[in-house]
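The structure under discussion appears below in the form of structure tokens.
Read the figures in this text as sums done on the coordinates, not as results from a lab. As the structure is a prediction and not an experimental result, all values here were calculated from the model. Please note: Cβ atoms are built from the backbone with ideal geometry, for glycine as well, and neighbour counts cover all protein chains shown.
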């Protein structure tokens, strides 16, 4: 104990031996503080936490610097689940005596783990929220919140008490009793706990009228209490004797009833469900099938259109390319035109010109054999015609010379195709017509002979052979008329 | 018979960790020893006057 005035260590005298201050009352205050601390310590040892808090607070009211009392108060608060209260006391204790103070260890124990501190804070927030729910008459939510709180901090006595109160309000006496028993285990002499416990015991006890009768004895019940439930079994109740046959009959009857229920109630509904599901599936499949059919028909139409287009394009291509798929005819025509142009560079009646004309004619023959000229383009036809007419007179004369020789030697069958070419190359050349007409007449083709000779007479009416031609025409007309 | 509403009033919200600092600062730590010292000082001042 130290002097309040000079801080000197006090002796057994009622005055300070250093400064002379009267310390009698001061000493009594300190002694009282220590007395209350001892009482608080004893109560805490006996698990009377509420009493310990009262005594320790009293000790601190006498002497706020009683570090042991403050530290113990913090411990008691912590044991009651009041963590913030405990921290407050330890912080004050540490400020009062910074060195060699066990409060330092207590504070570090709590603050060392951030998750623990957060858990403590969450517990407090949930408890406060539960209180709000209670005041808002949302008791179910409050119960849920309090259960969460107690799962985080099972030592939180106030939460246990509030939960017990809620159970009591909803007449769940057994659950309330359970919570209150936990409170009593932690804090023996808590008045609130004891009050609630008395109320719960009163509600749980059987009706006590104070009169004991034979009838009451017979109706007296045996009560078994487990953790969660209270089992009440009346005395004097005898269980009926059970026989094997009876049991078997009961089982058979149960089976029959079960089968009947299944058959009449369950099976139809199951069947209906299965049918509905099947119908639904069939509908879905049918819809899918319709959609796919539509898609197929669309695709088929598209295929037809594409095939038609392909055929058209193929035809166009073939028209341009010829039977072997290339632009052969156009190539040939260009070559023929080139030969014709080359031929024209030579002098008329020259052998070279004649040769080139012949080659040009051969190429035009090939073109004509492999192409339908009317189906070619206009430019193709024009070029063909130009080249054809260019070589026409020469080729006509050449073919006429050969054909006429054959006609004169009466080789009519051989002369006819050659003379026809001569006429084709130059329709205005009348000489081939005469030889052709005479050749037709020689092989008995009267009508063609008539036409050829008439053409000859039309072109050369004044020629010597025109008279002969006219006489033959008359004869042929008579023959044809007959 | 316990009245729920009356009993509920006895339950006060618990302080959160953030509020602990303010609570500590607002605590009145005056004890009997402080009152005694103050009383003695007042008496001494009166005597000196």
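Grab the beta carbon distance between residue A:174 and residue A:253, set R0 = 22 Å, and tell me the FRET efficiency rounded to 0.05. Between residue A:174 and residue A:253 the formula returns 0.05. Measuring r between the beta carbons of residue A:481 and residue A:352 and using R0 = 51 Å, the FRET efficiency lands at 0.45. Which of rounded, prolate or oblate describes the range A:118-204 when judged by the alpha-carbon gyration tensor and an a/c cut-off of 1.5? Cα axes put the range A:118-204 in the oblate bin. Partner shielding of B:9-22 amounts to 6, given as the average count of beta-carbon atoms from other chains within 10 Å of each residue beta-carbon. Within the protein assembly as shown, all pairs of alpha-carbon atoms sorted by distance into 10 Å bins from zero give the percentages 3, 10, 11, 9, 7, 6, 5, 4, 3, 4, 4, 5, 6, 7, 7, 5, 3, 2, 0, 0.
When A:14, B:31 are sorted by how many other C-beta atoms sit within 10 angstrom of their C-beta, beginning with the fewest, the order is A:14, B:31.
Given a Förster distance of 41 angstrom, what is the FRET efficiency for residue A:102 paired with residue A:144, based on the Cβ-Cβ distance and rounded to 0.05? Please report the intermediate quantities before stating the final value.
Values: r = 38 Å, r/R0 = 0.93.
The formula returns an efficiency of 0.60 here.
Mean partner shielding of peptide B:24-31, defined as the number of other chain Cβ atoms within 10 Å of each residue Cβ, is 4.
Residues of A:122-135, mean number of Cβ from any other protein chain within 10 Å of their own Cβ, rounded to a whole number?
On the way: counts 1, 2, 7, 4, 1, 4, 5, 1, 1, 5, 1, 0, 4, 4.
Across the residues of A:122-135, the mean count of other-chain Cβ atoms within 10 Å is 3.
For the range A:252-319, what is the convex hull volume of the alpha-carbon atoms per residue, in Å³? The partial results should precede the final answer.
On the way: hull volume 4.3 nm³, N = 68.
Taking only Cα atoms, the range A:252-319 has a hull volume of 63 Å³ per residue.
Add -39500 (n - 2.57) for each DSSP H run of 4 or more in the protein assembly as shown, then divide by its residues: what number comes out at 222 nm, to the nearest 500 deg cm²/dmol?
Mean residue ellipticity at 222 nm (helix-derived): -24500 deg cm²/dmol.
Each peptide in A:171-183, B:10-22 was scored by the mean count of other Cβ atoms within 10 Å over its residues; highest first, the order is A:171-183, B:10-22.
Taking the beta-carbon count within 10 Å as an exposure proxy, list A:162, A:373 from fewest neighbours to most.
Values: A:162 26, A:373 12.
Ascending Cβ contact count within 10 Å gives the list A:373, A:162.
Our Cα-only numbers for the range A:1-147 put the radius of gyration and Dmax at 20.0, 67 Å.
Fewest Cβ neighbours within 10 Å first, please rank A:200, A:149 accordingly.
Details: A:200 24, A:149 27.
Placing the least packed residue first, the sequence is A:200, A:149.
Among rounded, prolate and oblate, which fits chain B when a ≥ b ≥ c are the square roots of the eigenvalues of its C-alpha gyration tensor, a/c under 1.5 means rounded, and a/b larger than b/c means prolate?
Working: a/c = 6.31, a/b = 2.31, b/c = 2.74.
Oblate, since a/c reaches 1.5 and b/c is not below a/b.
Extending 7 Å from Cα along the Cβ direction at residue A:12 and again at residue A:267 yields two label points whose distance is 10.6 nm.
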